[in-house]
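Notes follow the structure.
The values are calculated or read from the model by the stated rules, or taken from the named source; none is laboratory data. Owing to the predicted nature of the structure, the values given are computational and were not obtained by experimental measurement. Virtual Cβ from ideal backbone geometry, glycine too; neighbours counted across all protein chains shown.
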Amino acid sequence: MSYDKYAYGVARVRSNELTLLSASDLEQLISAPGYKDTLRLLGDKGWQLPAEDEDVSSMLEREMAAVWGLFKESAPDIEELYSLVAYNDFHNLKAALKAALKGERTRLWVEPCINDPETLTDAVFERKYEDLPDYMREAAEKAYDAVVRLSDARQADVILDIAALQTAVDFAKKSDCPMIVELARFFAAASNVRTAVRSARNGKGAEYITQALCPSCNIDNDELVKTVLAGEEELSAFITRAFSEKAAAALNNGLVAFEKWADENMAAIVSGARYSNLTPEPFAAYYIHKELDVKNVRIILSAKNNLLDADTIRARVRTYDA
Amino acid sequence: MLLSMPNLGTALAVLGAALAALMGGIGSAKGVSLAGQAGAGVVAEDPGKFGKVLILQALPGTQGIYGFLTAALLLAQIKIIGTGFEPVPLIQGAMYFFACLPVGVVGWISAILQGKAAVAGINLVAKRPDQSGKAITFAAMVETYAVLALLISVLSIFSISNLEM
């Protein structure tokens, strides 16, 4: 029986859920008079504030890295959770490829990630693709070729984005946890919608859009391509069928609103984890909730920096029920 | 030939006692271990919750005690423990064997399920320490069925020993 292997880790996750930002915490942050007051409130909530020579991104990244550190310590099999961070590895691969083409090493990495970014960078700089994990090798070679031989940086991005989404879905399937699979497939679907809408707006045709979409998602990609090219009404009807009326309404308001809906829907997907104590679901739920907290803090701090009013910030922050 | 063995009844009674102790003990060990792992997770993050978590961890341990009590009682009834041993008639031995099954089987299953309820309670305490009373109540409810099984086993053992064979 394998149910008992999650007991320790889930208990640690539940204890850490107390550090998530509640609705009243968010309201306090939004209502704080200025940027520094917001930071002070975050410090009171246990967030490790950035040092003087650091920017806020370091603080946010540290928060996510701490979550991954907790998972590495307490999850019985960390590979079951790889799908949550696989996208970051492909971001790091993209950064390494760009750095290799420029011939300058950079440290524009995103954490948490599965593979050591230094190792990725070394492999790309020395073109030793065999040093990359299996799931990255082919995509890295193709992306490099796209930039070097075809001078098509956009195509390289498309190759890596699809590989990232596909890898996340593949890792999710290996986890045998339906909630994690649903998360990965929904994330791929929401990315596909964004890609299709952007590509259509840029005047791309059906063939281009189709090859830029990840096939392993929970919507019909052919239908998406057909409707995105047919017009707003058709797309809206498709999004209503594929997701919900709320999703269609969000997309009608623009991609930023759709992204907010997608983030909140991710939180809705993991909401059932609160009733689960002996599965990997609470790990996934905690990661998604923390990610939303980090996004919210980024939105609030950026808004404070730009002197936006509280109502504008409230409209942008993601809400969820932990 | 087997049926004519003089100690077969005693052997069946002892087998019943062994099963009561074994099944209850194994179930309790699993349940307590499960709750202990969850408890360790909570205490790793907040050592102050040790006391509340310990009560929940201990709850699935009772089925092992019930199994032990039943086994000890039966062994005393058939005088395996103590003096004055006399072989138990086959039919009486079989009855003792069946009398032990409720506490053994129900103890085994309920201890594991109570362990799971205790894990849920421990996770509740991790987030809301003020709700520990409710968490204990939820897990303790599973105990009802282990107690009922214990009662029926003990009553049966007493009743069987008073039967005229």
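Inside the stretch A:31-56, can you point out the residues that are within 26 Å of the chain's Cα centre (by Cα) and among the hydrophobic types (A, V, I, L, M, F, W, C)? Full working, then the answer.
If we filter the stretch A:31-56 for residues that are within 26 Å of the chain's Cα centre (by Cα), which is where we start, we get A:35, A:38-39, A:41-43, A:45-51, A:54-56.
Within the stretch A:31-56, A:LEU39, A:LEU41, A:LEU42, A:TRP47, A:LEU49, A:ALA51, A:VAL56 meet the criteria.
Residue-by-condition table, conditions (1) surrounded by fewer than 15 Cβ atoms within 10 Å (Cβ to Cβ); (2) touching a residue at least 12 places away in the same chain (Cβ under 8 Å); (3) aliphatic (A, V, I, L, M):
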site	(1), (2), (3)
A:GLU207	yes, no, no
A:SER216	no, yes, no
A:THR240	no, no, no
A:GLU264	no, yes, no
A:HIS289	no, yes, no
A:LEU292	no, yes, yes
A:ASN296	no, yes, no
A:THR319	yes, yes, no
>> Of everything in the stretch A:124-145, what is among the basic types (Lys, Arg) and not in a helix (DSSP H, G or I)? Give them in sequence order.
In response: A:ARG127, A:LYS128
> Only one residue in B:ILE91, B:ILE80, B:ILE109 is surrounded by fewer than 23 Cβ atoms within 10 Å (Cβ to Cβ), within 14 Å of chain A (Cβ to nearest Cβ), in contact (Cβ under 8 Å) with a residue 12 or more places away in the chain and closer than 29 Å to B:GLY9 by Cβ. Which one?
Replying inline: B:ILE109
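In the stretch B:17-31, which residues are under 23 Å from B:THR144 (Cβ atoms) and crowded, with 23+ Cβ neighbours inside 10 Å?
Of everything in the stretch B:17-31, those that are under 23 Å from B:THR144 (Cβ atoms) and crowded, with 23+ Cβ neighbours inside 10 Å turn out to be B:ALA20, B:ALA21, B:MET23, B:GLY24, B:GLY27, B:SER28, B:GLY31.
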> Which of the residues spanning the stretch A:9-30 are in a helix (DSSP H, G or I) and either within 14 Å of chain B (Cβ to nearest Cβ) or farther than 26 Å from A:ARG316 by Cβ (or both)?
Replying inline: A:GLY9, A:VAL10, A:ALA11, A:ARG12, A:VAL13, A:ARG14, A:SER15, A:ASN16, A:GLU17, A:LEU18, A:THR19
>> I'd like to know if the stretch A:124-141 contains one or more residues that are at pLDDT below 95, on the phi > 0 side of the Ramachandran plot and not acidic (Asp, Glu).
In response: yes
>> I'm trying to understand the selection: among the residues of the stretch A:90-109, which are at pLDDT 90 or above and either β-branched (Val, Ile, Thr) or within 16 Å of the chain's Cα centre (by Cα) (or both)?
In response: A:PHE90, A:HIS91, A:ASN92, A:LEU93, A:LYS94
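Being closer than 27 Å to A:ILE269 by Cβ and out of contact with any helix residue (DSSP H, G or I) (no Cβ under 6 Å at 6 or more places or on another chain) is true for just one of A:ILE209, A:ILE162, A:ILE180. Which residue is that?
Values: A:ILE209 fails: out of contact with any helix residue (DSSP H, G or I) (no Cβ under 6 Å at 6 or more places or on another chain); A:ILE180 fails: out of contact with any helix residue (DSSP H, G or I) (no Cβ under 6 Å at 6 or more places or on another chain).
On inspection, the qualifying residue turns out to be A:ILE162.
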> Restricting the stretch B:93-140 to residues that are in a helix (DSSP H, G or I) and basic (Lys, Arg), which is nearest to A:TYR286 (Cα to Cα)?
Replying inline: B:LYS127
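Check A:THR227, A:THR121 and return the single one that is modelled with pLDDT of 95 or more, out of contact with any Pro (no Cβ under 7 Å at 6 or more places or on another chain), assigned to a helix (DSSP H, G or I) and surrounded by 20 or more Cβ atoms within 10 Å (Cβ to Cβ).
Working: A:THR121 fails: modelled with pLDDT of 95 or more.
Only one candidate qualifies: A:THR227.
Identify, please: which residue in the stretch A:88-116 is small (Gly, Ala, Ser) and in a helix (DSSP H, G or I) and is, among those, surrounded by the most Cβ atoms within 10 Å (Cβ to Cβ)?
Initially, the stretch A:88-116 is screened for residues small (Gly, Ala, Ser), giving A:95-96, A:99-100, A:103.
Narrowing the set further to residues that are in a helix (DSSP H, G or I) leaves A:95-96, A:99-100.
Working: A:ALA95: 19, A:ALA96: 25, A:ALA99: 17, A:ALA100: 19.
Filtering first and then ranking leaves A:ALA96.
Let's see how each residue does on (1) over 18 Å from B:ALA17 (Cβ atoms); (2) touching a Leu at 6+ places or on another chain (Cβ under 9 Å); (3) charged (D, E, K, R); (4) at pLDDT 95 or above:
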| site | (1), (2), (3), (4) |
| --- | --- |
| B:LYS79 | no, no, yes, no |
| B:VAL88 | no, yes, no, no |
| B:MET95 | no, yes, no, yes |
| B:PRO102 | no, yes, no, yes |
| B:VAL105 | no, yes, no, yes |
| B:PRO129 | yes, no, no, no |
| B:ILE136 | yes, yes, no, yes |
> Within the bounds of the stretch A:73-87, is there any residue that is assigned to a helix (DSSP H, G or I) and within 14 Å of another protein chain (Cβ to nearest Cβ)?
Replying inline: yes
>> So A:GLY46 passes all but one of these: (1) surrounded by 13 or more Cβ atoms within 10 Å (Cβ to Cβ); (2) within 14 Å of chain B (Cβ to nearest Cβ). Which condition number does it fail?
In response: (1)
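What number of residues within the stretch B:45-77 satisfy the criterion of being more than 14 Å from chain A (Cβ to nearest Cβ), closer than 13 Å to B:VAL119 by Cα and in contact (Cβ under 8 Å) with a residue 60 or more places away in the chain? Can you show your working first?
Keep residues of the stretch B:45-77 that are more than 14 Å from chain A (Cβ to nearest Cβ), which gives B:51, B:55, B:58-59, B:61-77.
Going one step further and asking which of them are closer than 13 Å to B:VAL119 by Cα, we end up with B:55, B:58-59.
Adding the requirement that they be in contact (Cβ under 8 Å) with a residue 60 or more places away in the chain leaves B:55, B:59.
Number of matching residues: 2.
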>> Among (1) more than 14 Å from chain A (Cβ to nearest Cβ); (2) in contact (Cβ under 8 Å) with a residue 24 or more places away in the chain; (3) hydrophobic (A, V, I, L, M, F, W, C), there is one condition B:VAL42 misses while meeting the rest; what is its number?
In response: (1)
> Mind checking which residues of the stretch A:31-67 are touching a residue at least 12 places away in the same chain (Cβ under 8 Å), outside any helix (DSSP H, G or I) and not aliphatic (A, V, I, L, M)?
Replying inline: A:GLY34, A:LYS45, A:GLY46, A:TRP47, A:GLN48
